[in-house]
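Have a look at the structure below before the remarks.
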Amino acid sequence: MPEFSPVFREQLQDLFRWRRDVRHFRRDPLPEPVLDDLLRTACLAPSVGLSEPWRFVRVDDPRRRAAVRADFARCNASALSDRAGADAQRYARLKLAGLDDAPHHVAVLSHPEPAQGRGLGRGTMPQTTTWSTVMAIHTFWLAATAAGIGVGWVSIIDPERVMAVLDMDPVLELVAYLCVGYPAQPASTPELERRGWERRAPERREWIRR
Ligand SMILES: Cc1cc2nc3c(=O)[nH]c(=O)nc-3n(C[C@H](O)[C@H](O)[C@H](O)COP(=O)(O)O)c2cc1C
């Protein structure tokens, strides 16, 4: 095992601090095979029973991408209509996806009952396959950030409709729809914080119980 120096550990902390959900992208694509390499790195994530239940789908077809954008617009309008008054006005000002500009879209799916792993660890907690896939997404997100590449997670979509748009096997579960590309601007704080929607909570001792 390599020895990780104090300098590296400090830089790793910077990576955690500077990882952002990106919604403003430059339009130029990543050089090949950068995206595939990052997705391979994502597969180094831990998984229940070593089941590796994640599946990554690069969505390049303009018609499919347009259909996902339309679904986001529909879901976002519906989320807005559930709010009223000043809350609705504040919501309407948020930018909640970079689907128009991001040069790459990646759907992340999870197999709920993969043969790999032979069921180990899932008997009492079947959700662990989904959680494993989320670990892969986070690994991807950090690796992308380290390479100066932005990732934006879009969850304001209807999973069933998007699965149909992507023509996916319905046994799979849609976990995330990711926008990927070079960020228009680096940012040290979450966009929701910069737009006055929410703030990171102050460090709370009670989050760690002894
Ligand atoms: C499961 C999940 C779903 C998310 N869905 C969305 C989304 O639909 N639209 C969006 O703009 N951001 C979405 N985000 C990003 C969060 O808003 C963001 O992570 C949070 O505000 C903290 O900002 P940061 O990631 O830049 O630190 C999502 C993040 C997670 C983990």
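Structural remarks
- Residues considered: ALA115, ALA92. Of these, the only one that is within 30 Å of SER188 (Cβ to Cβ), surrounded by fewer than 16 Cβ atoms within 10 Å (Cβ to Cβ), of a type in the set (A, V, I, L, M, F, W, C) and more than 12 Å from the ligand (Cβ to nearest atom) is ALA92.
- Count - residues of the stretch 176-189 that are near the ligand (Cβ under 10 Å from one of its atoms) and among the aromatic types (Phe, Trp, Tyr): 1
- Tabulated pairs, the stretch 152-171, first free of Cβ contacts under 8 Å to residues at least 60 places away in the same chain, second part of a loop (DSSP other than H, G, I, E, B) and within 16 Å of the ligand (Cβ to nearest atom), C-beta under 6 angstrom, 6+ apart or interchain: none
- Which numbered condition PRO170 fails, given (1) part of a loop (DSSP other than H, G, I, E, B); (2) closer than 30 Å to ARG17 by Cβ: (2)
- When we screen ARG74, ARG63, ARG90, ARG58 for residues that are part of a helix (DSSP H, G or I) and closer than 29 Å to PRO33 by Cα, the only hit is ARG63.
- For the stretch 73-102, the candidate set comprises residues that are in contact (Cβ under 8 Å) with a residue 40 or more places away in the chain and of a type in the set (A, V, I, L, M); within that set, the residue that is farthest from PHE25 (Cα to Cα) is ALA79.
- Residues in the stretch 95-112 that are within 16 Å of the ligand (Cβ to nearest atom) and in a loop (DSSP other than H, G, I, E, B): LYS95, LEU96, ALA97, GLY98, LEU99, ASP100, ASP101, ALA102.
- Identity of the residue in the stretch 144-164, closer than 15 Å to VAL57 by Cβ, outside any strand (DSSP E or B) and in contact with a strand residue (DSSP E or B) (Cβ under 9 Å, 6 or more places away or on another chain), that ends up farthest from the ligand (Cβ to nearest atom): MET163
- For the stretch 5-48, a tally of residues being of a type outside the set (S, T, N, Q) and outside any loop (DSSP other than H, G, I, E, B) returns 22.
- Residue check for LEU192: within 15 Å of the ligand (Cβ to nearest atom), over 21 Å from PHE56 (Cα atoms) and not in a loop (DSSP other than H, G, I, E, B): yes
- Within the stretch 151-204, the set of residues being more than 28 Å from ASP14 (Cβ to Cβ) and exposed (fewer than 13 other Cβ atoms within 10 Å of the Cβ) comprises GLU160, ASP167, ASP169, PRO170, VAL171.
- Test: residue in the stretch 3-25 that is over 29 Å from ARG194 (Cα atoms), touching a residue at least 24 places away in the same chain (Cβ under 8 Å) and surrounded by 13 or more Cβ atoms within 10 Å (Cβ to Cβ): no
- Criterion violated by TRP207 - all others in (1) exposed (fewer than 14 other Cβ atoms within 10 Å of the Cβ); (2) within 14 Å of the ligand (Cβ to nearest atom); (3) of a type outside the set (A, V, I, L, M) satisfied: (2)
- ALA97 vs. criteria of a type in the set (A, V, I, L, M, F, W, C) and over 24 Å from GLN185 (Cα atoms): no
- A count restricted to the stretch 165-175 and to residues that are away from the ligand (no atom under 16 Å from the Cβ) and either within 18 Å of the chain's Cα centre (by Cα) or at pLDDT below 95 (or both) stands at 2.
The values are calculated or read from the model by the stated rules, or taken from the named source; none is laboratory data. Model, not experiment: these values are computed from the prediction. Backbone-built Cβ (ideal geometry, glycine too); neighbour counts: all protein chains shown.
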